[in-house]
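Working notes for the structure below.
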Amino acid sequence: MTRAFLSEEAGVRFSQDRIEAIQTIGALAKAHEAEFIVVAGDVFESNQLSRQTVTRTLDALRTVPVPVFLLPGNHDPLDNSSIFLTEEFQHAAANIHVLADTRPHRIPQCPDLEIIGVPWQTKHPSRDLCRQLIDTLESTEKTRIVVAHGQVDELSPDKARPEIIHLASVEKALQQSKLHFLALGDRHSTTPIGDSKRIWYSGAPVSTDFDEVAPNQVLLVSLDADTVCEVEPLNVSQWTFIARHQHINGAEDLRQLSAWLDQIPNKQRTAIKISFEGSVDLATAAALDKIMEDAQLLFASLKTRERLTDLQVTPSSTDEDDVALSGYARSAWLELQEAAQNGDPVAEDALRLLFRLNHSSPS
Amino acid sequence: MRLHKLSLRNWRGIQHRDIEFDDGVTLLEGPNEIGKSSIIEAIQLLFSELDSSNKKQVKSVQPAGQDLGSEVSVEFSVAGYRITYAKTYNKNRSTTVHISGTKNLQETGRSAHEWVAKLLSEQVDMDLWQTLLVDQGEQISQIKLSSSVSLAQALDNVAGATDATSLEDETLISAAQREYERYFTLKTGRIKYTELIDATEQTRTRLAELTGTMQQLEQDQNQQKMTAQEVERLRMALPQMQEAEQKETQRWQKLQEKTAALTSKKQTLAEIENQLTRTLETIQSRTALVTQIHDQQNASAQFNHEIESLKQNLLQESKTLDTLNSGLAQLQDEEKELRSLEKLARADLTHLEKKTQLTQHQKTLSQIESIDRELNENLSAISNIPVDAQALAAYVQLEQTLAVAEAKAQVASTTLTLTAKKALPLIIGDQPIEISEGQAHKFSVSKALHIELPNQLDIEVSPPESTADLAQQQQQAKTQLQALQAELGVADLQSATALARQRSDREADVQQLKSQQQKILQDLHTSEIEQQIDRLTKTCTQYVNNRVDTPSPPADTHIAAENVRQIEQKLTRLQTQIDRARGEYKAQETTTAGVKQALESKIAQNLAAKAATDALTVSLESQRQKRSDASLADLKEEQQKKAADLRVELDAIAEDLTQQNVDAQKLLLDNATDSAHRTTIELRQQEQALAILNDRLETARANGLHELLVKAETQLVQLQQELSATQRRAEAARKLWETLNHHRDAARQAYLQPLKQHIEALGTLVFGPTFQVEIAEDWSITHRTLNGTTLTFDDLSIGAKEQLAILMRLAAAQLVARQDGVPLFIDDALGFSDPQKLNTMGAAIAAAGRTCQIIILTCAPGRYANVGNAHLIRLTP
């Protein structure tokens, strides 16, 4: 639903950037001489995507210079309608691998490394798939990377859910060298889990919502079976989703708002939802409207959160002087003013409209 | 705005004219075609048209036939500025403006035009200018003042409002109206953003459809998974089903083979049993044949015995029959003899009867002959008497006819009575008559009568001519009577009657004799009696000659009849005997025939028995030649043994099949077949369902349903936001528009009173102190009241309407003059007013002219003579 904030033009840009993020990740992999890339689930938003989207994604993945291992997650489970079973995937490039089961995958250039995926076969697994895998693993001297998807019990508010990943069992397996790194997907914020420093949510490479922490990143992981485990977040995308609450009580607040909006970089990839609180006169309200109208032309999205906004607009004496109404127009003004003060939102809007029309009239 | 000076050059027919206007009333007086209306025209073109204008109305101001620029220059004051504004049209086009006062400014060209235009639009109510203008030649009517901002503002001020209505206010309400009309129609208030509402609803519907499709897709996925599992299960189960079916089929085939063997052996057994049955039947048949032969032989022997016995019986019965036959024949002979005697006796009797009959005929004949002689005698006598009853009747008839004729003649003739005085001899007619003395002798003269007294007198009497016929008739009757008398030989009726009586007596005798004769003869004729006598005579003679001698003939008929009776009695008795004997004979004959028939039957039976015996014997021998009795017995034993063996085998097989429970095995086979078949069909159905589901899932995947859903969700959110914002803006616009209108309408109501007061103040000068008007909401005059009489505006005279229209303008000009106002031009008006009204209208104009600028153009000298403060300018060529 996040994209509902975006205009059609910004929505197109957002979709395109998500494709281009793949190419960026490929470039980062090349720049940092990564051996391979794993995507820990939710490669796609859904299994019900158009061929165009799948084809473009695969085409972008094809250009990545290293092997890419894709794990089916809860959004794109490996069920009977899985996108990974489509004809497009059957003819995907050789560097693209789907972790369709828990068999180890190896790459020639890393003979001492194996990658094991824990794919979601359905949207609603009935058990902790990760633990199910770990119970079958033996300790190994090879570097074993497990790629899994889902919430860990440490972070989940509902620990009773059957598919929740039992963190303790993973950490125990790490200690037993049954695996050496658990690459997790599902959480859009880049997040280390536990104390081992070997369990990470990489986060979304392209931010998708307002409540994400440190999104737009991928993790560069340097790893061996013994001691080395270095994780470095790398920026991929510049999309930003900001939710803000702004107090407006006068011209100073307007200046602060303008300054804050001005300092935001890459405005065309920034979506803002903002709520206001305060009490202003018509002139200030009109100025606020103007600031918002102007800024909306710059940002991918700039929306007022009406539900959270509590901005009292009350005409001041300055407003009255400003509009300089006489005769029946003044009588109308006074009636609307009284109704607005009595909490009639339509009267308040009418008053603001009158103020605006009066100012837009030739003088 | 105040006009101060006007200068025209080369303007239509005006070569050059300068006019200075008074701040109050300026009266421009001049004849027609002097160019009064050109003054107003020049000012209007100056304020509205660029010098570059090629409009027809601009070109038309160029002097005819002269290629000259038409110049107009106006000096006026407005908003604290004193402005000299000049333009040259059509030739040497130019525009200049010079502003003095609060600031000095010189502009030329288009900027000069735009500067003045902006100033006028902001500071001068040009609409009111046009409204107040009373143009030449137009009928003055009420003007629509309600759209005048200046007048409204002026009225507002006069009405005592806290702030004056400004031009900005009207601009504001126009803007509010435009804003309102962005969302609603002005007239009906209908929403205009229905497309947005529809688009939102359509998107909502589309989203609901897609959500439904997505839910269906999820159901399809679940169904596809279950179907795939079911297909897999069925694929696994099907070979097992087919294997089980195959095993059951094999078992069933073995059972079928055994069943077939059982059936085959049953058929063999049935055949053998049939053969055995036929053998036993053959043996039984042969045994029966021997028995039949034996029975036939015994029967034949019995028949022979019975035949012999019957032969004896027949012989005995035949003898009895012969005896009876002899007796019968004897009786029949006796009967024959007796019948001969009977015949003779009857012949004798007949002879004697014929003989008696002959005698009777002869006697009768004798009587007849006697009667004939007497009859002939009478007939002879009759023939000698000529008077019979008929002649007598004719005679009587003629006498009567004569008497009638004489009576008629006497009646019709002249009666002549001759009375003799003395005895006289007369000859009357031819008859001499002696008449005695005193005798009167009458004559009926029916014809000429000659009476002669001989020698003394001849008298000729002639009857009338009509009596001649009567006399002739009388004579004719007399003649006829005389002829009859002569014929009958009588002289008178008496003698005729006597003769007739004699004849009648004779005829009665004849009749009696004939009756006797008839009685004797009856139906016979004498000749017939004679013939019978001859025939009987011959017969009797012949019988006597031919009769046998014995027995002797009876003496008489009685004896003969007795003979016949006696013989008949004998015959009756004999006949009884004969009948009895014949019955006995018949019975015996029947008995004998029965014995004979029985004998013949037995003989036939015996022959048949013998023939049957022969045939049976031949058949038996024939069969024995084909198969002997011993061989047949051997065959029976052999077949019985085979049948017994087969039954043992069949029992064994049946027992085996019973043990294996064929029905149950068939049920198992059917169940296995059905299960495999059902599983096959089910698998096919599930595979088809799976293919359909896969196809639907693939189609849904290819359609990018998720993206469509996201897109629809996005569109809906955006449309809802847009609709919400639009509705909010629309409601605000409506609120503002309605509120502004409400207050403007209320304010306009307040304007009416000052306008009414100004009109009535001026009107009192014209119409007197009772003058009152009623003002409508659009500020038009609806009624005028004068001396207590109220008339609608339309009911007023043309002159009164014109006067009220001028007064309304004057009032409006007065009201707006307090805020600069606009000059009021009156071009050639009040043409319908009488001198008194011209006088009072002049006072009203003068009163108004104290506060506003009024410019009057007229071609009628003296029409405005009563405008006391007017600055008169006489226009001359």
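The values are calculated or read from the model by the stated rules, or taken from the named source; none is laboratory data. Computed from a predicted model, the values in this text were never measured in an experiment. A quick note on method: Cβ atoms are made from the backbone with ideal geometry, for glycine too, and the neighbour counts reach across all protein chains shown. Accessible surface is based on the protein model in full, side chains and every heavy atom, while ligands, DNA and RNA are left aside. Shrake-Rupley method; radii C 1.70, N 1.55, O 1.52, S 1.80 Å.
Annotations for the structure displayed:
- Unmet requirement for B:Ala471, which otherwise passes all of (1) surrounded by fewer than 18 Cβ atoms within 10 Å (Cβ to Cβ); (2) modelled with pLDDT under 80; (3) aliphatic (A, V, I, L, M); (4) closer than 25 Å to B:Asp492 by Cβ: (1)
- Strands (runs of 3 or more DSSP E) fully within region A:251-363 counting 3 or more residues that are open to solvent by less than 10 Å² (accessible area, probe 1.4 Å) and more than 11 Å from chain B (Cβ to nearest Cβ): A:270-280
- The number of residues in region A:170-196 being open to solvent by less than 20 Å² (accessible area, probe 1.4 Å) and small (Gly, Ala, Ser) comes to 4.
- Any hit, region A:119-126, residues being of a type outside the set (Lys, Arg) and modelled with pLDDT of 95 or more: yes
- Test: residue in region B:772-779 that is touching a Gly at 6+ places or on another chain (Cβ under 9 Å), surrounded by 13 or more Cβ atoms within 10 Å (Cβ to Cβ) and at pLDDT 85 or above: yes
- B:Gln639 vs. criteria surrounded by fewer than 17 Cβ atoms within 10 Å (Cβ to Cβ) and in a helix (DSSP H, G or I): no
- Contacts under 9 angstrom Cβ, first residue in region B:609-627 being farther than 17 Å from B:Ala288 by Cβ and basic (Lys, Arg), partner part of a helix (DSSP H, G or I) and open to solvent by 90 Å² or more (accessible area, probe 1.4 Å), 6 or more apart: B:Lys610/B:Gln297
- Residues satisfying the stated conditions in region A:24-56, i.e. open to solvent by less than 30 Å² (accessible area, probe 1.4 Å) and within 14 Å of another protein chain (Cβ to nearest Cβ): A:Phe44, A:Ser46, A:Asn47, A:Gln48, A:Leu49, A:Ser50, A:Val54
- In region A:221-234, the residues that are at pLDDT 90 or above and either out of contact with any strand residue (DSSP E or B) (no Cβ under 6 Å at 6 or more places or on another chain) or open to solvent by less than 30 Å² (accessible area, probe 1.4 Å) (or both): A:Leu234
- One residue stands out in region B:830-850 among those that are of a type in the set (D, E, K, R) and outside any helix (DSSP H, G or I): the one that is modelled with the lowest pLDDT, namely B:Asp834.
- Note on region B:53-92: residues that are in contact (Cβ under 8 Å) with a residue 24 or more places away in the chain and part of a helix (DSSP H, G or I) amount to 2.
- Of the criteria (1) within 14 Å of chain B (Cβ to nearest Cβ); (2) part of a loop (DSSP other than H, G, I, E, B), which one A:Pro65 fails: (1)
- B:Gln44 out of contact with any helix residue (DSSP H, G or I) (no Cβ under 6 Å at 6 or more places or on another chain), closer than 23 Å to B:Ala829 by Cα, part of a helix (DSSP H, G or I) and of a type in the set (S, T, N, Q): yes
- Residue within region B:208-222 that is in a loop (DSSP other than H, G, I, E, B) and either crowded, with 17+ Cβ neighbours inside 10 Å or over 60 Å from the mean Cα position of the chain (by Cα) (or both) present: no
- Matching residues, region B:719-730, being closer than 10 Å to B:Ala199 by Cβ and buried (at least 16 other Cβ atoms within 10 Å of the Cβ): B:Leu719, B:Leu723
- Restricting attention to region A:129-147, the residues that are touching a strand residue (DSSP E or B) at 6+ places or on another chain (Cβ under 6 Å) and buried (at least 19 other Cβ atoms within 10 Å of the Cβ) total 6.
- Exactly one residue out of B:Ala208, B:Ala270, B:Ala260 is out of contact with any Lys or Arg (no Cβ under 6 Å at 6 or more places or on another chain), within 30 Å of B:Thr673 (Cα to Cα) and not charged (D, E, K, R): that is B:Ala260.
- Complete set of residues in region B:82-107 that are closer than 19 Å to B:Arg2 by Cα, among the hydroxyl-bearing types (Ser, Thr, Tyr) and buried (at least 19 other Cβ atoms within 10 Å of the Cβ): B:Tyr85
- Selected residue [under 24 Å from the mean Cα position of the chain (by Cα), open to solvent by 10 Å² or more (accessible area, probe 1.4 Å) and of a type in the set (S, T, N, Q)] from A:Asn95, A:Asn80, A:Asn74: A:Asn74
- Close contacts from region B:213-242, counting a first residue that is free of Cβ contacts under 8 Å to residues at least 60 places away in the same chain and a second that is open to solvent by 80 Å² or more (accessible area, probe 1.4 Å), with Cβ to Cβ under 9 Å and a gap of 6+ residues or different chains, come to B:Gln216/B:Arg696; B:Glu218/A:Lys123.
- The combined condition, being open to solvent by 50 Å² or more (accessible area, probe 1.4 Å), within 14 Å of another protein chain (Cβ to nearest Cβ), closer than 26 Å to A:Gln268 by Cβ and not in a helix (DSSP H, G or I), is not fulfilled by A:Glu9.
- Residues within region B:179-207 that are in a loop (DSSP other than H, G, I, E, B) and of a type in the set (D, E, K, R), tallied: 3
- Pairs are defined by a Cβ separation below 6 Å, a sequence spacing of at least 6 or placement on different chains, a first member in region B:408-421 that is without any contact (Cβ under 8 Å) to a residue 24 or more places away in the chain, and a second member that is open to solvent by 40 Å² or more (accessible area, probe 1.4 Å); the pairs so defined are B:Thr419/B:Ala440; B:Ala420/B:Glu437; B:Ala420/B:Gln439.
- Residue match in region B:857-865 (condition: surrounded by 19 or more Cβ atoms within 10 Å (Cβ to Cβ), outside any strand (DSSP E or B) and basic (Lys, Arg)): yes
- Qualifying residue in region B:534-544 (condition: within 29 Å of B:Glu337 (Cα to Cα), of a type in the set (Lys, Arg), assigned to a helix (DSSP H, G or I) and modelled with pLDDT of 90 or more): yes
- Per-region count, region A:164-178, residues without any contact (Cβ under 8 Å) to a residue 40 or more places away in the chain and of a type outside the set (A, V, I, L, M, F, W, C): 5
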